[in-house]
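To keep things clear, I will list the structure first and then write my remarks on it.
The values are calculated or read from the model by the stated rules, or taken from the named source; none is laboratory data. Only a predicted model underlies this, so the values are computations on that prediction, with no experimental measurement involved. Note: ideal-geometry Cβ built from the backbone for every residue, glycine included; neighbour counts use all protein chains shown.
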Amino acid sequence: MLRSLISPSARCKNSDNRIGMPALQTIPIHPDAPDKPAWGGACNGCGVCCAAEPCPVGVLVTGRRRGTCRALQWHDTDRRYVCGMVSSPGRYLGLDHHWLNMALSAVARRLISAGSGCDSDAELVD
Ligand code: SF4
Ligand code: SF4
């Protein structure tokens with residue numbers, strides 16, 4: 001399912017490179033994903049932020065700077081998105097070592113500030 005969002009912090013640039021209107025973007029999102037909470041609310045795994053663009057960790061491990069992060073995973077049982085770099089980092093780094101995966105998962109949790117609340121000001125508009 002496709003949704004449209006506006007990110008006030010991600011402004012378009014005009015042809016003369018001046019900051020203009022907030023960027024309107026279309027993102028793919030699972031139809032059962034929870035509604036996005038307001039900025040600062042508890043993260044519920046809606047996936048909007050990571051569907052819009054990869055965070056620095058996502059850029060580093062997937063090599064992509066735009067579009068939905070390849071490490072974003074939908075969990076059917078929990079009906080929410082999770083960060084693949086937290087749940088199974090070895091999958092994205094080509095590693096198959098339990099303890100190393102656990103250590104990398106802990107590092108990823110710190111780097112993405114997991115559990116510290118929603119840091120996305122994006123608003124779904126349809
Ligand atoms: S940080 Fe916000 S936008 Fe990102 S998954 Fe959590 S609730 Fe959704
Ligand atoms: S938090 Fe995880 S899934 Fe989201 S953009 Fe960053 S690396 Fe990708």
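With respect to (1) more than 16 Å from the chain's Cα centre (by Cα); (2) surrounded by 15 or more Cβ atoms within 10 Å (Cβ to Cβ), the lone exception for Cys118 is condition (1). When residues in the range 55-87 are screened for being surrounded by 17 or more Cβ atoms within 10 Å (Cβ to Cβ) and over 30 Å from Leu24 (Cβ atoms), 0 of them pass.
When you scan the range 28-45, how many residues do you find that are closer than 16 Å to Ser113 by Cβ and not polar (S, T, N, Q)?
7
Answer with yes or no whether Gly67 is away from ligand 1 (no atom under 12 Å from the Cβ), of a type outside the set (Val, Ile, Thr) and modelled with pLDDT under 95. So Gly67 fits the description; yes. Taking the stated definitions as given, is Ile27 at pLDDT below 95 and more than 12 Å from ligand 1 (Cβ to nearest atom)? No, not satisfied.
Considering the range 29-126, the qualifying helices (runs of 4 or more DSSP H), each wholly inside and each with 1 or more residues that are within 21 Å of Met1 (Cα to Cα) and among the β-branched types (Val, Ile, Thr), run over 48-52.
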